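Enquirer: Dumping the structure here so I can ask a few things about it.
The values are calculated or read from the model by the stated rules, or taken from the named source; none is laboratory data. Only a predicted model underlies this, so the values are computations on that prediction, with no experimental measurement involved. Cβ atoms come from the backbone with ideal geometry, glycine included; neighbour counts cover every protein chain shown.
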Amino acid sequence: MLGFVATIFIARFLGSETLGIYYLVLSTVAWLGIAVKMGVPSAINKRVSEGDDGAAYTIAGGTIVLGLFLIVAVLSLLFHQQINDYIGYPAAAIVVLFLFVTAVQSTVNSILTGQHLVHISGIFNPIRTGTRSIVQIGAILAGFQITGLFIGYTAGYGLVSVLGLWIAIRHFDTISLPTEEHYRRIVSYAEYSWLGEIRSRAFNWVDVAVLGFFVSSSLVGIYTAAWNIAVFLILFGGSLSETLFPEMSSLSADDDSESVAELFEAALTYGGLILIPGLVGGTLLGERLLRIYGEEFTRGATVLSVLIVATLIQGYQRQFTMTLDAIDRPDVSFKVNAVFIGANVLLNVSLIPIFGVVGAAAATASSVGISLVVAYIALSSLVEFSVPVGEIGRQWAAAGIMGTVIYICLQFETVSAIASNIAVVLILVGLGAAVYFITLVAISARFRTTVDQNLPVDLPLVRS
């Protein structure tokens, strides 16, 4: 939430052009970061989660990432002029700094997840975002402008990297140096999982990267503001994947395919819990949500709706590829990701020159939809599972009722000033969330049971 607020603050104080430059820097870091990581953090996660020689696998993976970083850093500085020309700002050195802190943080996070410390790595995400946001806002108010954005980003990632590494080391029973076998097993997994890294970057950054060649920094800023809202909704699905992966991995190692299937079906059940009402609410309130960033951002209302569709599909697709990785079939996940990347690049390059930012959003949604179909076919050939159509349908029904209430409320108000717009958005979002969850509790016995089991107090109204 604080990251969302910080983006609004940045947009209103520095404008869409500065926001666009900042996100072009992040896009460049994301793509160069693929060469730095090459799937190694995913391999560390997998091997550490298996329970043996965790420290040795960590050291093996960490030294590989460090070596790759040094190579990419040198090349980035050699070609600094090309990087600066693309971004439209002298940021090559900043790109190298960001590459380092993101590589360290990703590696540390993979260790914690592999150690089944998902609750800790999950806490670090808001700590990282909160630190980054607070420092960025403070630096902007102090007059640092775009430099304040760079300072805050580095501070956020640096803090959680140091804390996370300290905790991870304390949870190793013994510290042992890696052998050739440890390196071989890291590389054998990473040679497939690296495409998953590209797949993640493609979903988040292909559109922004291609937009950088065809539209102004201002339009990139408007697009990323809409993307920021859409991605905010997918956080729950991402947390669910991180939580279930080590459990699935452990069960798969014990050849317990039935329990893996049960966990996967649970993931599908709740994968769209937030995204489905988010799509309905985002479509109805899109222009008002973007007006919070500033009047110039309202041009992205259509883009926002399409991007929320993309994140909804991605929320389900992620559960499929996560399960493929957990059952030690990164080769199959590799093929699924290859389909997505190919479709995403092709559609973005084809649609952006014609339709601009709307084409970028449509390309992302279409490509992730294609990959979802491929992932379904691939996983169903390996694991017997059933799609919880009933539960997903009930979530759509609750979202439909929520949407109807919001639509009726919108007929009785007219937004004029920014202040009143913020008040209207907050009220309608809160009302919509209440209507959605109350309705879902009423119509879904499974959801009532889940709520009852996870609440710290007994509420008779939610019992089945």
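Enquirer: Could you grab me the full set of residues in segment 343-398 that are part of a helix (DSSP H, G or I), surrounded by fewer than 19 Cβ atoms within 10 Å (Cβ to Cβ) and among the acidic types (D, E)?
Expert: none
Enquirer: With respect to I175, determine if the residue is aliphatic (A, V, I, L, M) and either in a helix (DSSP H, G or I) or within 22 Å of L26 (Cα to Cα) (or both).
Expert: no
Enquirer: Of everything in segment 157-207, what is charged (D, E, K, R), at pLDDT below 75 and within 20 Å of the chain's Cα centre (by Cα)? Give them in sequence order.
Expert: E197, R199, R201
Enquirer: Looking only at helices (runs of 4 or more DSSP H) that lie completely in segment 250-339, which have at least 3 residues being at pLDDT 85 or above?
Expert: Because the criterion is at least 3 residues that are at pLDDT 85 or above, the helices (runs of 4 or more DSSP H) in segment 250-339 that meet it are 275-291, 301-326.
Enquirer: Oh, and also: List every residue pair whose Cβ atoms lie under 7 Å apart, where the two residues are 6 or more positions apart in sequence or sit on different chains, the first residue falls within segment 404-427 and is over 18 Å from Y293 (Cα atoms) and of a type outside the set (A, V, I, L, M, F, W, C), and the second residue, located anywhere, is modelled with pLDDT of 65 or more and in a helix (DSSP H, G or I).
Expert: Y407/L284; E413/V424
Enquirer: Moving on. Considering only residues that are among the hydroxyl-bearing types (S, T, Y) and closer than 27 Å to S176 by Cα, which ones fall in segment 27-49?
Expert: If the condition is that a residue be among the hydroxyl-bearing types (S, T, Y) and closer than 27 Å to S176 by Cα, then S42, S49 are the ones that fit.
Enquirer: Name the residue, out of T243, T154, T147, that is surrounded by fewer than 22 Cβ atoms within 10 Å (Cβ to Cβ), modelled with pLDDT of 80 or more, under 22 Å from the mean Cα position of the chain (by Cα) and not hydrophobic (A, V, I, L, M, F, W, C). I'd like the intermediate steps shown before the answer.
Expert: Working: T243 fails: modelled with pLDDT of 80 or more; T147 fails: under 22 Å from the mean Cα position of the chain (by Cα).
Sole residue among the options that is surrounded by fewer than 22 Cβ atoms within 10 Å (Cβ to Cβ), modelled with pLDDT of 80 or more, under 22 Å from the mean Cα position of the chain (by Cα) and not hydrophobic (A, V, I, L, M, F, W, C): T154.
Enquirer: Tally the residues that are surrounded by fewer than 16 Cβ atoms within 10 Å (Cβ to Cβ) and closer than 15 Å to I59 by Cα, restricting the search to segment 157-170. Give the steps one after another, and end with the answer.
Expert: Step one: of segment 157-170, the residues surrounded by fewer than 16 Cβ atoms within 10 Å (Cβ to Cβ) are 162, 166, 169-170.
After this cut, where a residue has to be closer than 15 Å to I59 by Cα as well, the list is 166, 169-170.
Selection size over segment 157-170: 3.
Enquirer: Consider only pairs whose beta carbons are under 7 Å apart and that are at least six residues apart or on different chains; among these, list those whose first residue lies in segment 360-379 and is under 17 Å from V332 (Cα atoms) and whose second residue is among the β-branched types (V, I, T) and crowded, with 24+ Cβ neighbours inside 10 Å.
Expert: Matching pairs, first to second residue: S371/V336; V374/V336; A375/T321; A375/V336; A378/V336; L379/T323.
Enquirer: Under 8 Å between Cβ atoms, which residue pairs at least 6 apart in sequence (or on different chains) link something in segment 265-288 that is surrounded by 23 or more Cβ atoms within 10 Å (Cβ to Cβ) with a partner that is among the basic types (K, R)?
Expert: Here the result reads G271/R318, each pair linking segment 265-288 to a residue that is among the basic types (K, R).
Enquirer: Can you work out which of the residues in segment 407-437 that are loosely packed, with under 14 Cβ neighbours inside 10 Å, over 23 Å from V5 (Cβ atoms) and β-branched (V, I, T) is modelled with the lowest pLDDT?
Expert: If we take residues in segment 407-437 being loosely packed, with under 14 Cβ neighbours inside 10 Å, over 23 Å from V5 (Cβ atoms) and β-branched (V, I, T), then T414 is modelled with the lowest pLDDT.
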